[in-house]
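In what follows, a structure is listed as structure tokens, so that the remarks can point back to it.
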Amino acid sequence: MTHKDDKPDDDQAMDRIKTGAFERNVALTRMGVGAGAKIATHTVRNLFRRGQAKEDANRDFYRAQARELADQLGQLKGSVMKAGQMLSLYGQYFLPEEAVEVLASLQDNTPPVAWSFVEPQLLDALGAARVAELDIQRKPIAAASLGQAHLATVKATGEQVVVKIQYPGVAQAIDTDIKTLSRLIAATRMAPKALDLTGVFNELRDMLVRECDYVQEKAFTLQFQERLAADSRFVVPKVYPQFCAARVLTTRYEPGYSVASPEVQALSQARRNKLALAFVDLFIQEFFVWNMVQTDPHFGNYRIRIDPAGENDQIVTLDFGATRRFEPSFVNEYARMVRGSLLADRQQIAQAVLNIGLMNHGTPRSVLEGFGDLTEMIVEPFRKPFDPRVPERLYTPGGAYCFGPSDLPARVGQTAALKMMSTHFKIPPQEIIFLHRRIGGVLVTLRTLRAELRLHEVLKPHLGLND
């Protein structure tokens, strides 16, 4: 096999990751012991603190505990790091705010692993003869928690491809990692002692198993490719089955700019609006029509291909490992909740909330009303133009909602803190958590694009609304 880059690996590359159950357990157990000692010290010191000083000390303590956990997970990489990222999504419902903030920072822009560590995985998966058909760059173009991607050229055709290689031992370590992480969360006292998190960690395990299944990811990539083939606004990378296996996925290299890049930000308002509308259309198609959603909204999964002629900018969609299917019954109930929120129909909202499993029949009316206040605020960008419940400053003269200056996330957060702090509000099912992960990503994208859109007409047909 030849390489385009035969220079030594980057100085920042890790030689390897700890893959054995024993060494991973040792690393995390050592931290658990240290956390126990720090908890004891913190508890003693808190005996002499009162009021604001005690609150500040608790915040600093939880932030330090979470930062140490994040640092250790980042070094281990693999499923335990990915689980830490996912835990931040669930954690907003039971972890201290400081801990959620730190865990959410565990993004996938981590240091790469040396080529000498991942090359055996590639050879074992594809065989030396097949790998020899590729001219692979040693230095990866991207590194994440579960694997890394290398640019390569197919020697026979000159096509540029991206070879995504899963780190050795990651899939096999999932069960051990989840058990260890659950013990570590308990040891650091970041979650309430009385709260049973068994279901949360079981869901994390199931999601990790799916994300480590590159055969399934290949199938989802092919499905998105087929469904979007006739829509010129989108590009889905071609899959090269001969260079794919259970832990290796090879697709065509599709360059583009980040949504936040200066090149995209410099586009005209009309072009940014067109791109933003495409992002919304894609999500609506995925959820309401296909019942199949790519739930990871990370900016790295979407690239913008700028048209030099200025007419047909495109969105390149990447990485379908986090794709989830949704039952039609769930989609229908969620549509009922959104419809009720737009119509201020609290009965529809309450029924959908109960059917989805966010609350139960014992939930007090006041809590259901508080949730209704929240959902009616969240649907703000999808209301009719000049709706009196929307701040007037957020509309253009033509009635388009302005995402750039919108403070909706802050208002939603304040309302949630005031009205949803209740023992009757359960940790949402994973369908809700990962759906909202994607919805949140779409809204962040629209704000980054400073979009000005009229979205009521776009959503209306999928909610059965006539007006």
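Per the listing D319, D313, the residue uniquely surrounded by 15 or more Cβ atoms within 10 Å (Cβ to Cβ), more than 22 Å from the chain's Cα centre (by Cα), charged (D, E, K, R) and in the same structural domain as G256 (by TED's automatic domain parsing) is D313. Working only within the stretch 199-231, note down all residues that are within 20 Å of Y253 (Cβ to Cβ) and either within 20 Å of the chain's Cα centre (by Cα) or not in a helix (DSSP H, G or I) (or both). Once the filter is applied, which keeps residues that are within 20 Å of Y253 (Cβ to Cβ) and either within 20 Å of the chain's Cα centre (by Cα) or not in a helix (DSSP H, G or I) (or both), the stretch 199-231 yields Y214, E217, K218, F220, T221, F224, A229.
Only one of the listed residues (N360, N355) is over 30 Å from L228 (Cβ atoms), in contact (Cβ under 8 Å) with a residue 40 or more places away in the chain, out of contact with any Cys (no Cβ under 7 Å at 6 or more places or on another chain) and outside the structural domain of V248 (by TED's automatic domain parsing). That residue is N360. Quick check: is even one residue across the stretch 195-205 outside the structural domain of A278 (by TED's automatic domain parsing), touching a Leu at 6+ places or on another chain (Cβ under 8 Å) and polar (S, T, N, Q)? The answer is no; no qualifying residue exists.
Can you list the strands (runs of 3 or more DSSP E) found entirely within the stretch 301-373 that contain at least 3 residues being β-branched (V, I, T) and within 30 Å of K274 (Cα to Cα)? Step through it out loud before you land on a result.
Values: elements: 302-305, 314-317, 323-325.
Passing ranges, in order: 314-317.
If we scan the stretch 125-142, do we find a residue that is in contact with a strand residue (DSSP E or B) (Cβ under 8 Å, 6 or more places away or on another chain), closer than 26 Å to R210 by Cα and part of a strand (DSSP E or B)? Yes, because at least one residue in the stretch 125-142 is in contact with a strand residue (DSSP E or B) (Cβ under 8 Å, 6 or more places away or on another chain), closer than 26 Å to R210 by Cα and part of a strand (DSSP E or B).
Please go through the stretch 375-398 and give me each residue that is within 21 Å of R339 (Cα to Cα) and either among the charged types (D, E, K, R) or surrounded by fewer than 18 Cβ atoms within 10 Å (Cβ to Cβ) (or both), ordered by number. Steps first, answer last, please.
Just the residues of the stretch 375-398 that are within 21 Å of R339 (Cα to Cα), to begin with: 375-391.
Within the stretch 375-398, E376, M377, E380, R383, K384, P385, F386, D387, P388, R389, P391 qualify.
In summary, V248 fulfils each of the numbered conditions (1) touching a helix residue (DSSP H, G or I) at 6+ places or on another chain (Cβ under 7 Å); (2) modelled with pLDDT under 95; (3) not aromatic (F, W, Y) with the single exception of condition (2).
Name the residue that is surrounded by the most Cβ atoms within 10 Å (Cβ to Cβ), counting only residues in the stretch 152-165 that are of a type in the set (A, V, I, L, M) and in contact with an Asp or Glu (Cβ under 9 Å, 6 or more places away or on another chain). Among them, the one singled out is I165.
The values are calculated or read from the model by the stated rules, or taken from the named source; none is laboratory data. What you see is a predicted model, and the numbers here were worked out from it, not measured in a lab. Reconstructed Cβ throughout: ideal geometry from the backbone, glycine too, with neighbour counts over all protein chains shown.
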